[in-house]
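This report concerns only the one structure given below.
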Amino acid sequence: MERIFHPHAHEMNIEVVEMQILNTAKWLSQSIAGLSWYLFGSSLRNISKANDIDILITHNQVQESSMIRDHLKSFVLTLPVHLVLLTEQEEIELKFVQTQGCKRIFPPYDSH
């Protein structure tokens, strides 16, 4: 499990945040296939009052964690992001999506 946290929280606009996340997810998926992005935690309940944005990204292979982290350096500097990176197998073992009440935001369910 890989975590990246940006400590500088500020009030967030839901439309702007969603657009930034989706644009970043689409951009990264062009370089690394098989990524799924989820929101969880306080950012899912009320993003405008959340201290950070909790994002889970699942991926296929352990070695992709460092590639994802490198690609997202500027992203985590623009938003107060708490990023959790798990392989698909780790997520299955931990049941992270189920236990944390995650909501998949990319890719959309209708694209599979």
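The values are calculated or read from the model by the stated rules, or taken from the named source; none is laboratory data. Only a predicted model underlies this, so the values are computations on that prediction, with no experimental measurement involved. Note that we place each Cβ from the backbone using ideal geometry, even for glycine, and neighbour counts take in every protein chain shown.
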Exclusive hit being among the β-branched types (V, I, T) and modelled with pLDDT of 95 or more, set I53, I68: I68
If you check S42 against the conditions, is it at pLDDT 90 or above, of a type in the set (S, T, N, Q), surrounded by 12 or more Cβ atoms within 10 Å (Cβ to Cβ) and under 24 Å from Q98 (Cβ atoms)? no
Can you tell me how many residues within segment 73-99 are at pLDDT 95 or above and of a type outside the set (V, I, T)? 11
Those residues of segment 59-106 which are touching a Lys or Arg at 6+ places or on another chain (Cβ under 9 Å) and either under 17 Å from Q30 (Cβ atoms) or in a strand (DSSP E or B) (or both) amount to H82, L83, V84, L85, F106
Looking across segment 1-39 at residues that are at pLDDT below 60 and touching a helix residue (DSSP H, G or I) at 6+ places or on another chain (Cβ under 6 Å), the single one that is farthest from S74 (Cα to Cα) is E2
Select from segment 10-39 the residues that are assigned to a strand (DSSP E or B) and not aromatic (F, W, Y) and list them in ascending order. S36, L39
Determine the pairs where a residue that is in contact (Cβ under 8 Å) with a residue 60 or more places away in the chain, located within segment 47-74, has a partner that is of a type in the set (G, A, S) and surrounded by fewer than 12 Cβ atoms within 10 Å (Cβ to Cβ) with Cβ atoms under 8 Å apart, the partner being 6 or more residues away or on another chain. none
